[in-house]
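**Q** Let me give you the structure first, and then I'll get to my questions.
The values are calculated or read from the model by the stated rules, or taken from the named source; none is laboratory data. Keep in mind it's a predicted model, so treat the numbers as computed, not measured. Cβ coordinates were reconstructed from backbone atoms using ideal geometry, including for glycine residues, and neighbour counts include every protein chain displayed.
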Amino acid sequence: MTDQSTPEPTSNLGSKTESSVDARVIDIAIRLGVLGVFAYFSLQLVAPFFAFLLWAVILTVALYPVYAWLAEKLGGRKAISATVITLTGLAIVIGPVAVLVVSLVETLQGLYHGITSGGVAIPPIPPKLADLPVVGEKIAEFWQLAGRSLEQFLTKIGPLVAPAGGKILSVLASLSGSVLFFIVSIILAGCLFVPGPALASGAKRFADRIIAPRGAEFVDLAGATIRNVSRGVIGVAVIQGLLTGVLLILFAVPMAGLLTFAALIMCIVQIGPALIILPTIIWAWSSWELLPALLFTVLIVPVMLVDNVLRPLLMSRGLDVPMLVILIGVLGGTLAYGLIGMFLGPVILAVFYELVIAWVKAGEET
């Protein structure tokens, strides 16, 4: 008996396959859409706290070795170790950091009132500067205008510097809130110490899902970079800045807050505080009696050398990030996010730089 059944046309099989593929694509699109909606609203909820959480994570990664060492010395009491580190950080921020921020704000307010009231005197222009070809006459004109009235001078050049001035004013306006930001971030970091290993393990698994099979390696690299930059660059700079500021305030040096802020920036960009401290020493010897000038010099000169001692102790390996990356991170972070950005900027940019370099090298090896 012959088989009377007819085979199914190939076109029907093709249409069924296409329909199945279309159904799968639509199914994936719906899932991604729903996931995207949840992700969007979740990010909206987290956005107000993102900067706090980011800085808390950086502090946790940077200080975790200290926390682990202290917990071991305390017989495995992790909660007590986290509490001690948190209270120490709060004491530093509420104490000398708050005093320096207040001093900086008072210095800037004093400069503003001095400029607007005419109390700030401008010395005569150096003859060599006025005799410069092409630009000397223009410089002398602006210098004389500033000497007659700083307020008129600022009004004249205002349109030229308004964009940068607006950014600078916003940075200065954020100084008062920076202390509160650091306080909240330190408290959050204290809460992250104990669950730190579990969070790190979760971050590695998540990274493996995105950039397998080297996701965990990139997470380790990011952690090492955070520790190096935050401790070897930011940490040492903060220590030098605090020591400089404390001495300037103790000896009642004029504009102590502004000088401290300038020294801190110099330290972060790896130039060092010498450009601020040396002129201050010269001024002290020309203005004070012998004994206070000598005491001030003896105390503040070692501050210029603190980084040479602390940086090798705080950095686990040599810093591969170029100074230009650190400088761009400091300036860009400060202009974008104020005083907080001055610390966050170089850390984030350094981590991004290291990850990009590692990613490029990984592609060359395959």
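**Q** Take segment 334-357 and flag every residue that is part of a helix (DSSP H, G or I) and over 18 Å from Val61 (Cβ atoms).
**A** Correct list: Thr334, Leu335, Ala336, Tyr337, Leu339, Gly341, Met342, Val356, Ile357.
**Q** Out of curiosity, is Arg205 over 24 Å from the mean Cα position of the chain (by Cα), in contact (Cβ under 8 Å) with a residue 60 or more places away in the chain and in the same structural domain as Val351 (by TED's automatic domain parsing)?
**A** no
**Q** Of all residues in segment 55-67, which are out of contact with any Lys or Arg (no Cβ under 9 Å at 6 or more places or on another chain) and not hydroxyl-bearing (Ser, Thr, Tyr)?
**A** Passing the criteria: Trp55, Ala56, Val57, Ile58, Leu59, Val66.
**Q** Checking Trp283 against (1) surrounded by 17 or more Cβ atoms within 10 Å (Cβ to Cβ); (2) farther than 21 Å from Trp55 by Cα, which single condition isn't satisfied?
**A** Here Trp283 clears every test but (1).
**Q** Kindly list the number of the only condition in (1) under 27 Å from Val246 (Cα atoms); (2) in contact with a helix residue (DSSP H, G or I) (Cβ under 9 Å, 6 or more places away or on another chain) that fails for Gly95.
**A** The number of the failed condition is (2).
**Q** Residues of segment 208-262 being free of Cβ contacts under 8 Å to residues at least 40 places away in the same chain, touching a Ser or Thr at 6+ places or on another chain (Cβ under 8 Å) and of a type in the set (Val, Ile, Thr), which ones?
**A** Val253
**Q** While we're looking at this one, here's another question. Based on this model, can you work out whether Ala237 counts as more than 24 Å from Leu344 (Cβ to Cβ) and assigned to a helix (DSSP H, G or I)?
**A** no
A quick yes/no check of all residues on (1) in contact with an Asp or Glu (Cβ under 8 Å, 6 or more places away or on another chain); (2) part of a helix (DSSP H, G or I); (3) surrounded by fewer than 19 Cβ atoms within 10 Å (Cβ to Cβ); (4) outside the structural domain of Tyr64 (by TED's automatic domain parsing):
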{"position": "Gly190", "(1), (2), (3), (4)": "no, yes, no, no"}
{"position": "Ser201", "(1), (2), (3), (4)": "no, yes, yes, yes"}
{"position": "Leu221", "(1), (2), (3), (4)": "yes, yes, yes, yes"}
{"position": "Thr225", "(1), (2), (3), (4)": "yes, yes, no, yes"}
{"position": "Gly232", "(1), (2), (3), (4)": "no, yes, no, yes"}
{"position": "Leu243", "(1), (2), (3), (4)": "no, yes, no, yes"}
{"position": "Ile249", "(1), (2), (3), (4)": "no, yes, yes, yes"}
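**Q** Are there any pairs with C-beta distances below 7 angstrom linking a residue in segment 321-350 that is charged (D, E, K, R) to a residue that is crowded, with 22+ Cβ neighbours inside 10 Å, with the two at least 6 apart or on different chains, and if so which?
**A** Going by the 7 Å Cβ cut-off, there are no qualifying pairs.
**Q** In addition: Can you pull out the residues in segment 29-59 that are farther than 25 Å from Pro195 by Cα and touching a Ser or Thr at 6+ places or on another chain (Cβ under 8 Å)?
**A** none
**Q** Kindly evaluate Val194 against the criterion of being modelled with pLDDT of 60 or more, under 24 Å from Ala71 (Cβ atoms) and surrounded by 14 or more Cβ atoms within 10 Å (Cβ to Cβ).
**A** For Val194, the condition - modelled with pLDDT of 60 or more, under 24 Å from Ala71 (Cβ atoms) and surrounded by 14 or more Cβ atoms within 10 Å (Cβ to Cβ) - is met.
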